[in-house]
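In what follows, a single structure is set out as structure tokens and then discussed.
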Amino acid sequence: MKMIYSPQEYRIKDERMKPFIDENEIWEILDETKSTKEEVRRIIQKSLDKNRLSLQETAVLINATDPELIEEIKQGARELKEKVYGDRIVIFAPLYIGNKCSNNCTYCGFRANNTKQKRITLQKEQIKREVKALEDTGQKRLILVYGEHKDYDADFIADSVRTVYDVKSGNGEIRRVNINAAPLDIDGYKKVKEAGIGTFQIFQETYHRDEYKKYHLSGKKADYDWRLTGLDRAQEALIDDVGIGALFGLYDWRFETLALLRHVNHFEACYNVGPHTISFPRIKAALDSNINPEYEVSDEDFVRLVAILRLAVPYTGMILTAREPEHIREEVIKLGVSQIDAGTNIQLGGYSEKNEKQQKLEQEQFEIGDTRSLGEVIDELIEKEYLPSFCTACYRKGRTGEHFMEFSVPGFIKRFCSQNAILTLAEYLEDYATDEQKQKGYKLIDKKIKELESIDNQKVAPLLERLELVRQGKRDLYF
């Protein structure tokens, strides 16, 4: 068997901006790692002590098939989520800017040879209308999504980011714009960084090189290595907030889970900081798509892999999207998810205009599973005593990348972020909530403040002062 490297040893093995996935190594680890009750329980406890897991330790969890052990893995993920993140859930919305694409990816509705797809690129005034519609519901955080096309270069992306930030509607404003776009060169990343972006997100889709070739038939995205090293170039351009992900259902979920962890190791080895977020979307039907059902991920396995990822990387944010139906979202939020989208509409121009289902399909990348409004999602979170958060304080205070880890790894993030989450929820309640929702929301805030008092009474007084200022009409207060 090949040498199994610890995260520290990857510092020697890895090279900056060089491909780092070894399929044979990953499969050897998966095939030769045994799972015993004692070992599974030891590894869960290691994670609960807030330590990163190695590839081999994560493979032990992946290979556990005993229903009792699987339940213990899920329970461990629940406990870890509470220890690190508490009950807060960060909320954002995706905004699709353009669906032109030069790639042919067989699973995607945007692919170049899909003649049924209606091609749209939002112009500045259309972007402004979309952002206003989002702000008028209470959104504060967006991720802008672009197809891969020559028209969507770094200058176009940077310009659209600036357009979003310029829109103010009443008390509404967008305070953080993240990006999901094709990989850029280093100069391109520098341009979008200057526009004030938050996280730059690129999903490898599948980390298995041969399967990647089968799905990506032509276009720049067919270059596996260019995509794999895309976020290395972002790091070289000093974008230290990056997000990784795999599209589960293109290949074996066990391999993809371990490959995501290998990507985390690579960042830690080369840049001394892991990714800000990990995403794990499941493949969904798209207009005239062609998907191999062999690797379809069941609900049961999906729940397992979320729990395993939470234990493997205790401090990395985990994003759950509206691809998943409401009942799955409810279950996996408990297992370690820290961010969700809400009030999602992936139709081009869909926030400001409502179209018929067929017209939507002709403008969407895939079908979504959770179609609830932002208000409905916040209602459910409040009822289950989660703390909805629109906080952007860390990014705007410069607590990103390695600086973010200084706050999150010791476990301070739970208390630090809870205060900012309370303030952003109060803003939402004052500006957008119904009277009933406002009453329920402030009841939850009172409960969370009492919990903070029991942890650190000194932090409560300045929080109460800011909370009163929010009630008086002040906005954008944070610690």
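Please treat every number below as a calculation from the coordinates, not as lab data. Source: prediction; values computed, not measured. Using ideal geometry, Cβ is built from the backbone for each residue, glycine included, and neighbour counts are taken over all protein chains shown.
Calculate for the chain the 222 nm mean residue ellipticity that helices alone would give, adding -39,500 (n - 2.57) per DSSP H run of length 4 or more and normalising by residue count, nearest 500 deg cm²/dmol.
Using -39500 (n - 2.57) per qualifying helix, the result is -14000 deg cm²/dmol.
Net charge near Glu294, counting Lys/Arg +1 and Asp/Glu -1 over other residues with Cβ under 15 Å of its Cβ?
Local net charge: -3.
When only alpha-carbon atoms count, how far does the chain stretch along each of its three principal axes, as whole angstroms with the largest first?
Principal-axis extents of the Cα atoms in the chain, largest first: 65, 54, 39 Å.
Can you list, by residue number, the Cys in the chain that have no neighbouring cysteine C-beta under 4.7 Å?
Lacking a cysteine Cβ partner under 4.7 Å: Cys101, Cys270, Cys391, Cys394, Cys417.
Compute the signed sum of charges (Lys and Arg +1, Asp and Glu -1) over the other residues within less than 11 Å, Cβ to Cβ, of Thr33.
After counting each charged neighbour, the total is -3.
Just how large is the dipole of the range 23-82 about the Cα centre, in debye to the nearest 20, putting +1 at every Lys and Arg Cβ and -1 at every Asp and Glu Cβ?
So the dipole magnitude of the range 23-82 works out to roughly 380 debye.
Can you compute 3J(HN,Hα) from phi for each residue in the range 317-325, using the Karplus curve 6.51 cos²θ - 1.76 cosθ + 1.60 with θ = phi - 60°, rounded to whole Hz and x for Gly and Pro?
Coupling constants for the range 317-325: x, 10, 9, 10, 9, 6, 4, 7, x Hz.
Less than 10 Å Cβ to Cβ from Glu23, Lys/Arg counted +1 and Asp/Glu -1: what total charge do the surrounding residues give?
Around Glu23, the surrounding residues sum to -4.
To make sure I understand the rule: partners must be aspartates and glutamates, Cα under 15 Å from the Cα of Lys83, and not fewer than 8 residues away in the same chain. Which ones qualify?
Asp49, Glu451
Over 22 Å between Cα atoms: which of Lys150/Lys190; Lys384/Lys474; Lys190/Lys214; Lys193/Lys397; Lys18/Lys213; Lys132/Lys190 fall into that group?
Lys384/Lys474; Lys190/Lys214; Lys132/Lys190
Quick check for me: using +1 on Lys/Arg Cβ and -1 on Asp/Glu Cβ, what's the dipole size of the range 155-234 about its Cα centre, in debye to the nearest 20?
I would put it at about 140 debye.
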